[in-house]
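Report on the structure given below.
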Amino acid sequence: WNKQKKIEGVLAGILVSFLVALLFVNPLEAILASVIAMFVETFTFKIKKLELDDNISIPLVAGGVILLLRYLF
């Protein structure tokens, strides 16, 4: 858990990303991708001394969730 992240910011991120995602995908995909991506964003990923930027992890996770949902359903 990243101590620099606040619950208010995570909730705001979920809301905003959900609303924007609605422009491109159906509501179920939008809410699941938003919630899962923002949850993953709260963790810090480090490889040796390099820290994975959330500007990379959020789109990758959200896109992966949507791709998985479309593949399974």
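The values are calculated or read from the model by the stated rules, or taken from the named source; none is laboratory data. Since we're looking at a predicted model, the values are computed, not measured. Glycine gets a Cβ as well: all are built from the backbone with ideal geometry, and neighbour counts include every protein chain shown. Side chains included, ligands, DNA and RNA excluded: accessible areas come from the protein's heavy atoms. Shrake-Rupley method; radii C 1.70, N 1.55, O 1.52, S 1.80 Å.
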Exercise for the section: Please go through region 48-71 and pick out each residue that is surrounded by fewer than 15 Cβ atoms within 10 Å (Cβ to Cβ) and aliphatic (A, V, I, L, M). Expected result: 50, 52, 56, 60, 67, 68
Exercise for the section: Of all residues in region 48-58, count the ones that are free of Cβ contacts under 8 Å to residues at least 12 places away in the same chain and in a helix (DSSP H, G or I). Expected result: 2
Practice task
Scan region 14-47 for residues that are open to solvent by 50 Å² or more (accessible area, probe 1.4 Å) and assigned to a helix (DSSP H, G or I) and jot them down.
Solution key: 15, 16, 19, 20, 27, 28, 31, 32, 35, 36, 39
Fill in the blank from the handout: Only unsatisfied item for residue 71, checking (1) hydroxyl-bearing (Ser, Thr, Tyr); (2) over 18 Å from residue 10 (Cα atoms); (3) not in a helix (DSSP H, G or I), is (3)
